[in-house]
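Written below as structure tokens is the structure these notes are about.
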Amino acid sequence: MNKIIFITGATSGFGKASAKLFAQNGDHLILTGRRKDRLERLSNKLIDKYNIRVMPLCFDVRDQAATFEAINTLPENWKKIDVLINNAGLASGLNKIQDGDFDDWNKMIDTNIKGLLHVSRSVMPLMIARKKGHIINIGSTAGKEAYLNGNVYCATKHAVDAISKSMRIDLLEHGIKVTQI
């Protein structure tokens, strides 16, 4: 049976690789990203190659209103999301903490933490209503260990670790699995 897989940050890296793997398995995809041209190119390629359905959604996970609008306006048949992969994330700036750039810090916090929360908060009610689902949050070894010039990035990935553990506890009663990779 085909599943519906929702992947954030699908236009490059792990998100793109995940999209290809799930497409190979015949699953249908909701792919999100900020770069519309890359999103459309990837969507068309996967549709042509694997004969699956793909719903591309172009928005920035940092924008709470855009995130909620994109997910709330999904057609009903696309709201039966089986797996959410919170992949969107980034590292910005390589400064010592005392020389850190506030724009870099805000970009990482807004994407890696708040973006994950925006998408999760939008998708979780859909899963709770169906009493099933699986949320996969993409973490990093930086969420376990700090390294030189990785200060705020490491902090955001530590937050992903804590959020994932808390999600697992909170969603257990609803039959929703939570994994962090």
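So the values come out like this:
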quantity: Principal-axis tilt of helix 151-171 within the chain, Cα atoms, nearest 10 degrees; calculated: 40
quantity: Heavy atoms of residue 147 accessible to a 1.4 Å probe, total area in Å² rounded to 10; calculated: 110
quantity: Mean separation of Cα contacts under 8 Å, 6 or more apart, over the residue count of the chain: relative contact order %; calculated: 20
quantity: Radius 15 Å from Cβ of residue 106, net charge of other residues (Lys, Arg +1; Asp, Glu -1); calculated: -3
quantity: Between 0 and 90°, nearest 10: helix 36-50 axis offset from the chain longest Cα axis; calculated: 40
quantity: Accessible surface, per residue, of the chain when the full set of protein chains is kept, probe 1.4 Å, Å²; calculated: 53
quantity: Relative contact order (%) - the stretch 88-181, alpha-carbon pairs under 8 angstrom, separation at least six; calculated: 33
quantity: Electrostatic dipole magnitude of the chain [Cβ: Lys, Arg +1; Asp, Glu -1; Cα centre; debye, to 20]; calculated: 640
quantity: Directionally averaged shadow of the chain, computed from the convex hull of its alpha-carbon atoms, nm²; calculated: 10.2
quantity: More than 17 angstrom apart: percent of Cα pairs within the stretch 1-107; calculated: 55
quantity: Set of aspartates and glutamates near residue 49 by C-alpha distance (under 20 Å), chain-local residues within fewer than 8 positions excluded; calculated: 27, 37, 40
quantity: Under 5 Å, built H, 5+ apart or other chain: amide partners of residue 180; calculated: 137
quantity: Helix-only CD estimate at 222 nm, as mean residue ellipticity for the chain, using -39500 (n - 2.57) per DSSP H run (n ≥ 4); calculated: -14000 deg cm²/dmol
quantity: Order of exposure, largest accessible area first, which applies to 94, 21 with probe 1.4 Å; calculated: 94, 21
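The values are calculated or read from the model by the stated rules, or taken from the named source; none is laboratory data. Predicted model only: the values in this text are computed from it and were never measured. Neighbour counts are summed over all protein chains in view; Cβ atoms, including those assigned to glycine, are modelled from backbone coordinates with ideal geometry. These accessible areas exclude ligands, DNA and RNA; they are computed on the full protein's heavy atoms, side chains included. Shrake-Rupley method; radii C 1.70, N 1.55, O 1.52, S 1.80 Å.
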